[in-house]
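Taking it in order: structure first as structure tokens, then the write-up.
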Amino acid sequence: MQSALPANNPSPQSQLFDWRTTRAEASVPTYVYAVVFASFCIVMGLLWDIMWHMSIGRDGLFSEPHLVMYVGALVSGLFSAYQILSLTFQKNHPGRSRSVRFWGIFYGSLGAMYCVWGALAMLTSAPFDDWWHNTYGLDVQILTPPHTILVVGMMMVQFGAMVGVLALQNSPENAANTRQASIIRFLFTLSAGFLLTVLFVLLSENMGRWASHHSSYYVTAAFVFPIFLMAAGRASTLRYPITTITAVYMISLVLPSWILPLFPATPKLGPVMNPITHYQPYFFPLLLIVPGYVLDLLLNRFSGRLKKDTDKRLSDWWIAALVGVVFMVVFLAVQWPFGGFLLESPYARNWFFLGESWSYGDDPNWEYRYKFNPYFNQSTTDFVINFAEAILIAMVSARIGLWWGNWMKRIVR
């Protein structure tokens, strides 16, 4: 008996499979929500750990801040591994055609692979860090060998979260769904903001408020911020992505510093030079949101993001040159006076601006606690020369960021 359906008409079973495939491709996978949540746990655990060291000193393998970071590692690793194993062993999985094959065996999204490797690095660093503390004592700097492995793992997880969201954002199915596209843009903003927060923490030893009137402060900023901000700005489909990402960074950094000091903390490792009774907060964030907003205006006007401005589009080389100058000038204009305010003004010594934050191991009567140390004195000529170098560095950094952003716009797996 011949089928009643025309030869060119798909069967109901085929239509059902196509509908399921389209729906699966157009939805946000659970593992993407999981890895963005994991990125949040990493940031909160890291900031808590720093404030723990400032306030309590002694920690252990299973201290509360470490557990929060381990949760981030486990959530990202387990959910991403499940996604990879599902694609690998379920031959008819609708997502396999949009996955990456590696080692000739496994299938998975690019973001999930980053997250699995990052989670393994984070969990590997934990016993190494515990042994390091037991052998050499309390860390005196952020990037010790075990912390380096930990930071690499954290950033791989966080970048994996960004890549996982970008693969969805760049999918035509998701772009056509307004509600879905809004969720994806929100997840990308969160994941990029969390990674920016960790980047700042790594730079914080060179970018404290006490150094805000020295050229090294701005050279450090020129190396890191333009590359990341331009990459995220180019990759995102938001109208003001850099502004929103820097807003997430500021909120992520400042909220724990507003909340944790409400709880008691007693130093457990000597010498105790500053007898505190509550958690000491971390730094108030850099005002990156101001140059971030200006960079969004530049991208909207000169990169063809807005249809009305396509006739004014510049090449990425010219955009990078413009960004290098504008970012550094605006950053200097806002951060120089704000850094002085945070360090010297009595109006900054409150719970909001965190100006009174001081580790238990530091002398609270140190003469340069509330004023600039002469060590950072610099002649105007030297500052101008070094700041000009910072502008050139920012131009190169911005160009690399645009290249990186162009690559991220092509991620679909």
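Tabulated data for the structure shown
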quantity	calculated
Answer residue from region 74-94, given it is polar (S, T, N, Q) and not in a helix (DSSP H, G or I) and is least open to solvent (accessible area, probe 1.4 Å) among those	Q90
Meets criteria (open to solvent by 20 Å² or more (accessible area, probe 1.4 Å), without any contact (Cβ under 8 Å) to a residue 40 or more places away in the chain, over 17 Å from W404 (Cβ atoms) and not in a helix (DSSP H, G or I)) for L314	yes
First in region 392-413 and open to solvent by 10 Å² or more (accessible area, probe 1.4 Å), second anywhere and acidic (D, E), Cβ under 9 Å, 6 or more apart	R399/D316; W403/D316; N406/D316
Test: residue in region 340-350 that is under 30 Å from P256 (Cα atoms), open to solvent by 30 Å² or more (accessible area, probe 1.4 Å) and assigned to a loop (DSSP other than H, G, I, E, B)	yes
Residue pairs meeting the criteria (Cβ under 9 Å; at least 6 apart or on separate chains; first within 12 Å of S397 (Cβ to Cβ) and open to solvent by less than 60 Å² (accessible area, probe 1.4 Å), in region 322-339; second of a type in the set (K, R) and at pLDDT 95 or above)	V323/R399; G324/R399
Any hit, region 210-223, residues being open to solvent by less than 30 Å² (accessible area, probe 1.4 Å), under 17 Å from the mean Cα position of the chain (by Cα) and within 22 Å of V36 (Cβ to Cβ)	no
Answer residue from region 351-391, given it is aliphatic (A, V, I, L, M) and surrounded by 15 or more Cβ atoms within 10 Å (Cβ to Cβ) and is modelled with the lowest pLDDT among those	L354
Residues being free of Cβ contacts under 8 Å to residues at least 40 places away in the same chain and open to solvent by 90 Å² or more (accessible area, probe 1.4 Å) - total across region 252-272	3
Checking D296 against (1) over 30 Å from L402 (Cβ atoms); (2) touching a Gly at 6+ places or on another chain (Cβ under 8 Å); (3) of a type in the set (D, E), the condition it does not meet	(1)
Hits in region 53-73 (condition: part of a helix (DSSP H, G or I), open to solvent by less than 30 Å² (accessible area, probe 1.4 Å) and in contact (Cβ under 8 Å) with a residue 24 or more places away in the chain)	S55, H66, M69, G72, A73
Some residue of region 326-338 being over 25 Å from the mean Cα position of the chain (by Cα) and either under 23 Å from V224 (Cα atoms) or modelled with pLDDT under 95 (or both)	yes
Among (1) modelled with pLDDT under 75; (2) surrounded by 14 or more Cβ atoms within 10 Å (Cβ to Cβ); (3) not hydrophobic (A, V, I, L, M, F, W, C), the one test that S109 misses	(1)
Among (1) of a type in the set (F, W, Y); (2) under 17 Å from F194 (Cβ atoms); (3) more than 24 Å from the chain's Cα centre (by Cα), the one test that Y107 misses	(2)
V28 being at pLDDT 50 or above, in contact with a Leu (Cβ under 8 Å, 6 or more places away or on another chain) and surrounded by fewer than 20 Cβ atoms within 10 Å (Cβ to Cβ)	yes
Helices (runs of 4 or more DSSP H) contained in region 150-238 and holding at least 1 residues closer than 30 Å to V330 by Cα and in contact with a helix residue (DSSP H, G or I) (Cβ under 7 Å, 6 or more places away or on another chain)	178-203, 215-235
Scan of region 285-310 for residues that are at pLDDT 95 or above and among the aromatic types (F, W, Y), ordered by number	Y293
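The values are calculated or read from the model by the stated rules, or taken from the named source; none is laboratory data. It should be emphasised that the depicted structure is a prediction, and the values quoted were computed from it without experimental measurement. Neighbour counts are summed over all protein chains in view; Cβ atoms, including those assigned to glycine, are modelled from backbone coordinates with ideal geometry. Calculation scope for accessible area: heavy atoms of the full protein, side chains included, ligands and nucleic acids excluded. Shrake-Rupley method; radii C 1.70, N 1.55, O 1.52, S 1.80 Å.
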